[in-house]
Ligand SMILES: [Zn+2]
């Protein structure tokens with residue numbers, strides 16, 4: 001298939017997805033179209049699945065358990081959360097626990113109004129990536145920069161690594177907490193965990 005064909009096919013599917021989502025708003029949306037589209041091009045199948053699962057979350061209530069882990073994600077396990085259970089941060093490829101994603105997106109928008117650019121380097125981190133990072137950067141407990149795999153805040157979609165220049169870092173230090181984001185790892189001024197006072 002030529003690029004143009006692929007593009008028009010994607011546009012066609014996207015418009016169908018929107019129609020489908022509109023029809024199914026408020027119901028539990030099953031990922032049937034993603035199944036139909038699986039096979040070669042797994043990334044595209046994932047994209048479709050995410051699009052289908054990006055149902056409005058306004059009616060869902062969120063909470064944290066006694067360990068500060070989102071109750072709706074706890075059963076999946078750290079780094080083992082399906083993409084559909086997380087929420088994209090604005091229109092980026094980054095995903096977090098839904099309230100964290102919404103708050104981060106709001107924060108980035110508000111910073112922009114102050115003339116401050118906040119970039120995202122990393123967000124949810126699957127278990128395999130935690131293992132890889134620990135191998136490459138060493139464990140924090142041993143002077144490195146990685147959490148023990150299976151314990152990372154990124155594995156719960158509860159932390160983001162931000163790309164901050166000096167101005168943005170200063171803005172974050174002043175304003176991050178208002179949005180629930182705190183810099184809680186001493187040697188990592190890019191790592192901001194979501195620790196909201198209330199959800
Ligand atoms: Zn981090």
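The values are calculated or read from the model by the stated rules, or taken from the named source; none is laboratory data. All values reported here derive from a predicted model rather than from experimental measurement. Note that we place each Cβ from the backbone using ideal geometry, even for glycine, and neighbour counts take in every protein chain shown.
Among the residues in region 184-193, are any within 20 Å of residue 103 (Cα to Cα), surrounded by 20 or more Cβ atoms within 10 Å (Cβ to Cβ) and more than 10 Å from the ligand (Cβ to nearest atom)?
No, region 184-193 contains no residue that is within 20 Å of residue 103 (Cα to Cα), surrounded by 20 or more Cβ atoms within 10 Å (Cβ to Cβ) and more than 10 Å from the ligand (Cβ to nearest atom).
Select from region 88-106 the residues that are more than 16 Å from the ligand (Cβ to nearest atom) and either buried (at least 21 other Cβ atoms within 10 Å of the Cβ) or in contact (Cβ under 8 Å) with a residue 40 or more places away in the chain (or both) and list them in ascending order.
Passing the criteria: 98, 99, 103, 106.
Go through region 107-123 and report how many residues are touching a residue at least 60 places away in the same chain (Cβ under 8 Å) and over 23 Å from residue 86 (Cα atoms).
Looking only at that region, the number is 1.
For region 148-168, name all the residues that are away from the ligand (no atom under 13 Å from the Cβ), crowded, with 16+ Cβ neighbours inside 10 Å and over 18 Å from residue 113 (Cβ atoms).
149
Here are some conditions: (1) surrounded by 13 or more Cβ atoms within 10 Å (Cβ to Cβ); (2) under 15 Å from residue 199 (Cβ atoms). Residue 120 meets all but one. Which one does it not meet?
(2)
For region 51-64, check the following and say yes or no: at least one residue is outside any helix (DSSP H, G or I), at pLDDT 95 or above and in the same structural domain as residue 177 (by TED's automatic domain parsing).
no
So the check is Cβ under 8 Å with 6+ separation or different chains; which pairs have a first residue in region 170-193 that's on the phi > 0 side of the Ramachandran plot and a second one that's outside any loop (DSSP other than H, G, I, E, B)?
Listed pairs, sorted by first residue: 180/99; 180/100; 180/103; 180/194.
Considering 73, 20, which residue is more than 24 Å from residue 173 (Cα to Cα) and at pLDDT below 95?
That would be 20, the only listed residue that is more than 24 Å from residue 173 (Cα to Cα) and at pLDDT below 95.
Considering 123, 84, which residue is in contact with a helix residue (DSSP H, G or I) (Cβ under 8 Å, 6 or more places away or on another chain), assigned by TED's automatic domain parsing to the domain that holds residue 157 and either within 16 Å of the ligand (Cβ to nearest atom) or closer than 18 Å to residue 177 by Cβ (or both)?
Details: 84 fails: either within 16 Å of the ligand (Cβ to nearest atom) or closer than 18 Å to residue 177 by Cβ (or both).
Result of the check over 123, 84: 123.
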